[in-house]
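Worksheet: one structure, shown below.
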2 protein chains.
Amino acid sequence: MSKGQQTRAAILTEALRAASVEGFQGISIGMLADRLKMSKSGLFAHFGSKEELEMALLDEAAQRFMDTVWQPAMKAPRGRPRIEVLFKSWLGWSLNHEDLPGGCLFVALAVEVDDKPGPVRDHLAELQGQWQSMLTRSAQIAVQEGHFRADLDPKQFAYDLQGIFLAMNYYRRLLRDGSAVDRAEDSFRSLIARALPLH
Amino acid sequence: MSKGQQTRAAILTEALRAASVEGFQGISIGMLADRLKMSKSGLFAHFGSKEELEMALLDEAAQRFMDTVWQPAMKAPRGRPRIEVLFKSWLGWSLNHEDLPGGCLFVALAVEVDDKPGPVRDHLAELQGQWQSMLTRSAQIAVQEGHFRADLDPKQFAYDLQGIFLAMNYYRRLLRDGSAVDRAEDSFRSLIARALPLH
DNA sequence: TGACTTAACGAACGATCGTTCGTAATGTTT
DNA sequence: AAACATTACGAACGATCGTTCGTTAAGTCA
């Protein structure tokens, strides 16, 4: 890896941390340069514009999300086991204080950019749409495998799962409720129980 | 109402609209002054600092929230009917494009300030904690009335309700999913059904 | 109407924003 | 080591940020 790629990677790592706490609006070239002990212009040159930096951050976050959340789930058996792993690693992603001290970056960005037209909003919406598709597809597979009810609505399953995750973030990060993760796991168990075939 | 109070009210209304779209980070004294066709310093004088403006906005939003969401619910019969009204007016609050073009202000602020220590974060967390208490208490009352199962966990009920609401915002505002409200209502019906006594 | 309080203004402050550009230093390769 | 490409730098740009202050205009009430 060349020097440039190395520096760029270090910038992205630091910027991800900062953005998870402050959002895209809250990070600035100058602040990142200070933290990385380099000049504003030197850092800036790696991206060409702040918007380009933001796009790169979305890609970097998506890459890491796939590695830490999706890949482990794909190694698990199709159907319910995969969904169990998916949820667990999803929680883990959000609780990783080292890489994302401010919690899941996508949650923070979702409400920040949803009203701001432009490539950043478009890209995030696309990524998050894909994520909902993955959740939906995973539920569909569980139906095919006979793990879940045949009449389950997979999209509704994805919706409910997203709600459990968002509520966890809200309880944990704003309300500082220590039982947030437990509550999320309870709701998840209930969601699974409702998805099972009648017997 | 004196001239000063009148102007202050106009500022708060406009600032609420702006903040629902851009968040507290995204609004500035200058921008609000432009929109209201007054001077920066004239507007500024009403609050003394931007932080004071933000605190006033929290109070104003909380006031309006109580009027549009809580009061109607309190007029409904205790128990399940009250919770039905509560959820409906809560959705209405979030969909009121006139006053909050960017959607529920509390949702936007929750993720924006959750990592920024200070009076604004403290106040928002207090308000939202109260809201969760109200939801929890409403579920408790429904248990007392015999509308809900005796072994229902009211806090978990509040958690799930919050998740449904947050997912609705996410689907509607970021993903622009036209069925977001329908999905929220479906999930709500399912939540109620699970809360009912066995029979 | 006159006296007094309140509200709004315009100009300026230092700080920081994203961005540009010419130059110096460092990496990489032959 | 020489030659070239890459990377980083420092200084400056216009714009905007929150905030201060002295002054003017408008509202309020005896």
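The numbers here are math on the coordinates, done by the rules we state, and not lab data. Keep in mind the model is a prediction, meaning the values are calculated, not measured. Note that we place each Cβ from the backbone using ideal geometry, even for glycine, and neighbour counts take in every protein chain shown.
Give the value in nm², to one decimal: projected area of the alpha carbon convex hull of the stretch A:1-76, averaged over all directions. Show your work: numbers first, answer last.
On the way: hull surface 22.5 nm².
For the stretch A:1-76, averaging the hull's shadow over all directions gives 5.6 nm².
Considering every residue in A:170-180, what mean count of other chain Cβ atoms within 10 Å of its Cβ is obtained?
Partner-chain Cβ atoms within 10 Å, mean over residues of A:170-180: 5.
Consider just the alpha-carbon atoms of the stretch B:88-199 and return their Rg together with their Dmax, both in angstrom.
So, for the stretch B:88-199, Rg and Dmax equal 15.5, 50 Å respectively.
So if I place +1 on the C-beta of Lys and Arg and -1 on the C-beta of Asp and Glu, and nothing else carries charge, what would the dipole magnitude of chain B be about its Cα centre? I want it in debye, nearest 20.
Charge dipole of chain B: 420 debye, to the nearest 20.
On a 0 to 90 degree scale, rounded to 10, what angle separates helix B:3-26 from the longest Cα axis of chain B?
With both axes taken from Cα atoms, the answer is about 70 degrees.
Would you mind checking the tilt of helix B:50-65 against the longest principal axis of the Cα atoms of chain B, expressed as 0 to 90 degrees and rounded to 10?
40 degrees
Using a Gaussian network model of chain A whose springs link C-alpha atoms within less than 10 Å, name the residue from A:D151, A:D99, A:D67 with the highest mean-square fluctuation.
A:D151
In percent, what relative contact order does chain A have, based on Cα pairs under 8 Å that are 6 or more apart in sequence? Walk me through the numbers before you get to the answer.
Values: 175 pairs, mean separation 37.8, N = 199.
Relative CO of chain A lands at 19 percent.
Which value, in debye to the nearest 20, gives the size of the charge dipole of the protein assembly as shown about its Cα centre, when Lys and Arg are +1 and Asp and Glu are -1 at the Cβ?
340 debye
Along the positive direction of the dipole of chain B (beta-carbon charges: Lys, Arg +1; Asp, Glu -1; about the Cα centre), which of B:A9, B:A56, B:A45 reaches farthest?
B:A9
What's the exposure ranking of B:F47, A:F157, B:F165, going from fewest to most Cβ atoms within 10 Å?
Arranged by neighbour count, lowest to highest, B:F47, A:F157, B:F165 become B:F47, A:F157, B:F165.
In percent, how large is the relative contact order of the stretch A:66-180, given Cα pairs closer than 8 Å and 6 or more residues apart?
Relative CO of the stretch A:66-180 lands at 23 percent.
What lysines could a cross-link reach from B:K37, if we take a straight Cα to Cα line under 28 Å and drop same-chain neighbours fewer than 8 places away?
Those lysines meeting the cut-off are A:K116, B:K3, B:K50.
Taking the C-alpha atoms of the stretch B:61-150, how large are the radius of gyration and the largest Cα-Cα span, Dmax, in Å?
14.6, 42
Enter the Cα centre distance for the pair the stretch A:67-142 and the stretch A:1-62, rounded to the nearest angstrom.
About 22 Å separates the Cα centre of the stretch A:67-142 from the one of the stretch A:1-62.
Rg and Dmax of the protein assembly as shown over Cα atoms: what are they, in angstrom?
22.2, 70
Cα axis of helix A:119-144 to longest principal axis of chain A: angle in degrees, 0 to 90, nearest 10?
Computed tilt is about 20 degrees.
With springs only between Cα atoms under 10 Å, which of B:G92, B:G178, B:G23 fluctuates most in a Gaussian network model of chain B?
Residue with maximal mean-square fluctuation among B:G92, B:G178, B:G23: B:G178.
Kindly write out, for the stretch B:106-114 in residue order, the coupling ³J(HN,Hα) from the Karplus curve 6.51 cos²θ - 1.76 cosθ + 1.60 (θ = phi - 60°), rounded to whole Hz, with x marking Gly and Pro.
So the Karplus estimates, Gly and Pro as x, are 5, 5, 5, 6, 3, 7, 6, 9, 5 Hz.
Taking 0.36 nm per intervening residue step and subtracting the Cα-Cα distance, what contour gain separates A:E185 from A:Q6 on full extension?
Working: separation 179, 0.36 × 179 = 64.44 nm, distance 3.86 nm.
Gain on stretching A:E185 to A:Q6: 60.6 nm.
Among A:L175, A:L57, A:L16, which one shows the biggest mean-square fluctuation in a GNM of chain A, springs joining Cα atoms closer than 10 Å?
It is A:L175.
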